[in-house]
1. Of the heavy-atom accessible surface of segment 228-305 (probe 1.4 angstrom), what whole percent is carbon and sulfur?
2. What are the ³J(HN,Hα) values, in whole Hz, obtained from phi via the Karplus relation 6.51 cos²θ - 1.76 cosθ + 1.60 with θ = phi - 60°, for each residue of segment 165-178 in sequence order, with x given for Gly and Pro?
3. Under the classification rounded if a/c is under 1.5, otherwise prolate if a/b is larger than b/c and oblate if not, where does segment 1-153 fall, given a ≥ b ≥ c as square roots of the Cα gyration tensor eigenvalues?
4. Under a Cβ-only charge scheme (Lys and Arg +1, Asp and Glu -1), can you give me the dipole magnitude of segment 1-55 about the Cα centre, in debye to the nearest 20?
5. Using only the alpha carbon atoms of the chain, find the Kirkwood hydrodynamic radius as the inverse mean reciprocal pair distance, in angstroms to one decimal.
6. With unit charges on the beta carbons (Lys and Arg positive, Asp and Glu negative) and the dipole taken about the Cα centre of the chain, which residue among 40, 163, 334 sits farthest to the positive side?
7. Taking the 0 to 90 degree range and rounding to the nearest ten, how far is the long axis of helix 58-70 tilted relative to the main principal axis of the chain, both from C-alpha atoms?
8. Once the dipole of segment 201-287 is set up with Lys and Arg at +1 and Asp and Glu at -1 on Cβ about the Cα centre, which of 279, 248, 231 lies farthest towards its positive end?
Amino acid sequence: MHLITRCVHHPEPPLAGFRSLSVPTYRASTIVFDNANDYYHRKERGPDGYSYGMNGTPTTRVLEQQISQLHSSAHTVVLPSGQAAIAAVILSVLNTGDHILIPDSVYPPVKNLCAHLASSMGITFDCYDPEDIDELTQLITDDTKLIWTESPGSATMEIQDIPAIVAVAHGRNIAVGCDNTWATPLLFRPIEHGVDYVVEAITKYIGGHSDILMGSVTVNTQPRYLQLKKTVGMLGYCVSPDECALALRGIETMALRVTHAGEVANRLSGKIRQRYPSVTVLNPSLPGAAGHTLWRRDFSGSSGVFSLVLRGSTPESLNDALSRLRVFAIGASWGGTHSLIAPMIVGNEVGSKNYRPDDIILRISVGLEAEEDLWQDIERIFSVD
Ligand SMILES: *Cc1c(COP(=O)(O)O)cnc(C)c1O
């Protein structure tokens, strides 16, 4: 063989006797076949088989299987972001003429998707109060094919009665999807409560370090899985194996991170409630909070995200207050090692009808810094000059 060819064709990796605790990053666009027949019949390898890099490599499969196992479910597909995962479910389930119900408290880009892209395809939607199952039931039409849930809701933290919603939906042959990003499979497993599609924004606790964007959809039936894979394939959605490897690294420490952040978040939010009574604390795991009874029934713990409602504060005064922060960073997303605060003006960014448009919501994500440093930062927000 010519040297030129030897440059292109590397030796086989000598794997005998080698074992590592980490999952290798298998990169590939092309998958090669032993012979022409195998190539002709590559589609017969099924949805988990390797036929083209778009459909994943062994690194992708390990991450998908690990998430499936955490959800006690059969199938998971990883996607380029949490929003992409939600979009994949919506586009997989709904056709022209169909109707979807989404909670007022939904992650705002989902409402945007329903109001624009889905709507342009002839898919209609209505928003329902996440805590009002009667309203939800009344909004169901003969065309409703999917009820979307998110518990707790983005920014406003409403807990939904998922088993009751599943009972209403399945009685009418409607699928239920649940955005489980806050809880992670460690604290709530919607599939065990009958939910058909579970989305995790891997970007948050699974990735865990504020440096990757990824999402997943977990389903428990083969027909739903096949339909989802078909939709994802047509859209050309795929995730790089390098990022899957980062998610696999993140998932190993997720239980410790989530448990710690949840405990600190509960102590901090309890202290805020006691010390600053004019601030409304939204955290379902605090006794007496809205949704606490349902949270106790269905969730096995709390993660590190909660919200504060500030009434009568102006964006200007809040800007001054947040400029005093030393540990918390200001920014969107959450679930990483760094604590974050996202200030939101309700009228601009929050769907819930329970707040005034000029209310300000601070969404707080507790990271892994010392609790005392975080508390001092919170005191800085509320200290009057
Ligand atoms: C962040 C988030 C998403 C979207 O995840 P991305 O990866 O940022 O697209 C979806 N749902 C919830 C509840 C989120 O917090």
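The values are calculated or read from the model by the stated rules, or taken from the named source; none is laboratory data. Source: prediction; values computed, not measured. Neighbour counts are summed over all protein chains in view; Cβ atoms, including those assigned to glycine, are modelled from backbone coordinates with ideal geometry. All accessible areas refer to the heavy atoms of the entire protein, side chains included, with ligands and DNA or RNA removed. Shrake-Rupley method; radii C 1.70, N 1.55, O 1.52, S 1.80 Å.
1. After summing per-atom areas, the C and S share lands at 55 percent.
2. 5, 4, 4, 4, 5, 5, x, 10, 6, 10, 7, 10, x, 9
3. Note, shape of segment 1-153 comes out prolate.
4. 160
5. Taking every pair of different Cα atoms in the chain, averaging 1/r and inverting gives 22.3 Å.
6. 40
7. 40
8. Checking the options against the dipole of segment 201-287, the answer is 279.
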